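Down below is the structure, laid out as C-alpha cells.
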Amino acid sequence: MRVQRHGASCVALLVVWTACATTGPFVWVNDYQEPPSSAGYVIQPGDVLQIRVFNQPDMSGRAKVREDGKISVPFLNDVTAVGFAPNALAQQLQTRLKEYINAPVVTVSLEESRPFSVSIIGEVAKPGVYSVQATAGVLQGLAAAGGFTPYAARDRIFVLRDQPQRARIRFTYEDLGQAAGKAATFRLKPGDVVLVE
C-alpha cells in the first residue's frame, strides 16, 4: 500500500540521503552488525497482542492496541499498553489481576505489529513512500515499488538507516533472490530508505 503524504522534511531527507548514498563507505549486509538494543520491542498503536492468563481461557485472547494506546482486558477494562515491552505489560496485568485471581500467571506476546513506512528511491519503477509489514525485507520493499527500471544496477542496492546510527548497507539482487546469508533475514525498519543505483 502506497502512502500518499509526502512532507517537506521527508523530501529533504531523501535528497540528502541520495546525495550521500552514491559516494562514501558502505557495509555489505553479511558484515552489518545490528546495534544492541537494551529496550527490546516497545508496543505501538495498531499492534495486535496475544494475552494468555494461565488456566483462565475466558480472560485470554487477542487485543488490538487502539490509537489511544490502550487495550481492553476482562475485569480490568482499559489498560495502557503503548510504551511497554510485552514482558513489562504482562507483569502489570499480573499485578492488577491479583484482585480477581489467586496467583495469576500472564504472558503477553506480539502477534502482529503495525505496518510502517519506508522510502524506495532510485532506479525503481515507482519511487515513493510505501507502507510495509514489520516482517518485510528488501525484496518486499522493491516489489512494492514495482521492481527495477532497465537501468538498475542489481549489485548496488542499499538500505540507508539513520537510527540509532547512520549506516549504508549494501545488497545484491542475486543474494536477495537466493536468500543467501544475512540478506535472507534482514528486516526493514521504520524510516529506512531503500536506494537502487
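The values are calculated or read from the model by the stated rules, or taken from the named source; none is laboratory data. The structure displayed is predicted, hence computed values, not measured ones. Counting neighbours? That spans all protein chains shown, and the Cβs are built from the backbone with ideal geometry, glycine included.
A few comments on the model shown:
- Selection of the stretch 144-167 for residues being at pLDDT below 95 and assigned to a strand (DSSP E or B) yields Arg161, Ala167.
- Failed item in (1) loosely packed, with under 13 Cβ neighbours inside 10 Å; (2) out of contact with any Gly (no Cβ under 7 Å at 6 or more places or on another chain), with Gly191 passing the rest: (1)
- Any hit, the stretch 129-140, residues being surrounded by 14 or more Cβ atoms within 10 Å (Cβ to Cβ) and on the phi > 0 side of the Ramachandran plot: no
- Output for the stretch 29-86, where each listed residue is over 19 Å from Ser113 (Cα atoms), polar (S, T, N, Q) and outside any loop (DSSP other than H, G, I, E, B): Asn30, Asn77
- Among residues of the stretch 168-180 that are at negative phi, those with a Cβ under 8 angstrom from a residue that is among the hydroxyl-bearing types (Ser, Thr, Tyr) and assigned to a loop (DSSP other than H, G, I, E, B), sequence gap 6+ or separate chain, pair up as Ile169/Tyr32.
- Flag for Gly122 being surrounded by 16 or more Cβ atoms within 10 Å (Cβ to Cβ) and more than 23 Å from Gln33 (Cα to Cα): yes
- Checking Ala180, Ala152, Ala145 one by one, the residue that is farther than 14 Å from Pro127 by Cα and small (Gly, Ala, Ser) is Ala180 and no other.
- Residues in the stretch 87-101 that are assigned to a loop (DSSP other than H, G, I, E, B) and surrounded by 14 or more Cβ atoms within 10 Å (Cβ to Cβ): Ile101 only.
- Residue within the stretch 57-65 that is over 21 Å from Arg96 (Cα atoms) and not hydroxyl-bearing (Ser, Thr, Tyr) present: no
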